[in-house]
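Values quoted throughout were computed directly from the atomic coordinates according to the rules given, and no laboratory measurement underlies them. This is a predicted model, so every value here is computed, not measured. When we count neighbours, we look across all protein chains shown, and the Cβ atoms used for this are built from the backbone with ideal geometry, even at glycine.
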Amino acid sequence: MYIKKYLLEACYDDHSRKLLQILSGYSAEDRYYALIRKKQPDGAVGLPDNIEAYKERRHAREELVAEKIADHKRKLQHAREQEELDRQHRERAFEEKYAQLEGFAEQKSRHKEFFHEQEKRHRAEIQEQSTDHKLQDLQVKQYGIQMTAQLKSDIAWKVAKEKKEQESRVREAKLEAQRDLH
């Protein structure tokens, strides 16, 4: 009863006790509850069936809502955890890709350096071959010049020899002609 719950707690005296005895004597039922759509107070007693049914449905709805809220919180937590795992996975993948790209860049740099050295060696070989070729050409020309000089010398020697031989024959012929004249 509202009287029992609130009024008597405020001033519990002889009058209050007598009032409660009178109400009990007339078989007054202990009732304390709110309207049907309102939340029932703590210590609610003597609820009518429709309010009791509504209270149970409301309690069931509140439990369902609480369960849905808890489920939603679990899903949000799971989504946050999954998002964190995905972020970590993406970060690892990015770091691996970055490391791979750095490796490629380093490898490319080494290849570039290697090919640059190869090119320098190739140019040096070409230069050396060119120099060797030029030297061979010079040697061939020098040999040609020497051979030409030798040939000229041989021809000059032969010409000189033939000239001497002819002079010698001419002298002999003159001598023979003079011997025949004498």
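A few remarks follow.
- Based on Cα atoms of segment 112-182, Rg over Rh with Rh as the Kirkwood radius reads 1.70.
- Note: relative contact order over the chain, using C-alpha pairs below 8 Å and six or more positions apart, is 9 percent.
- Between the listed residues G144, L101, I69, the Cα displaced farthest toward the positive end of the dipole of segment 68-145, a dipole computed from Cβ unit charges relative to the Cα centre, is found at I69.
- Using θ = phi - 60° in the Karplus curve 6.51 cos²θ - 1.76 cosθ + 1.60, the 3J(HN,Hα) couplings for segment 132-145 round to 4, 4, 4, 4, 4, 4, 4, 5, 5, 4, 4, 4, x, 4 Hz; x is entered for Gly and Pro.
- Axis of helix 14-25 versus longest Cα principal axis of the chain: the two differ by about 90°, to the nearest ten degrees.
- Taking Cβ atoms as reference points and 15 Å as the exclusive limit, the residues near K39 contribute a net charge of +1, counting Lys and Arg as +1 and Asp and Glu as -1.
- Considering helices alone, the calculated mean residue ellipticity of the chain at 222 nm is -30500 deg cm²/dmol, with DSSP H runs of length four and up weighted by -39500 (n - 2.57) and normalised per residue.
- The distance between label points at A156 and S130 comes to 3.9 nm (points 7 Å beyond Cα on the Cα→Cβ vector).
- Summing Lys and Arg as +1 and Asp and Glu as -1 over all other residues whose Cβ lies under 15 Å from the Cβ of E113 gives a net charge of +2.
- Net charge dipole size for segment 47-182 [Lys, Arg +1 and Asp, Glu -1 on Cβ; Debye, nearest 20]: 1000
- Pairs exceeding 31 Å between alpha-carbon atoms, taken from K134/K161; K112/K141; K55/K75; K38/K68; K68/K97; K134/K158: K134/K161; K112/K141; K68/K97; K134/K158.
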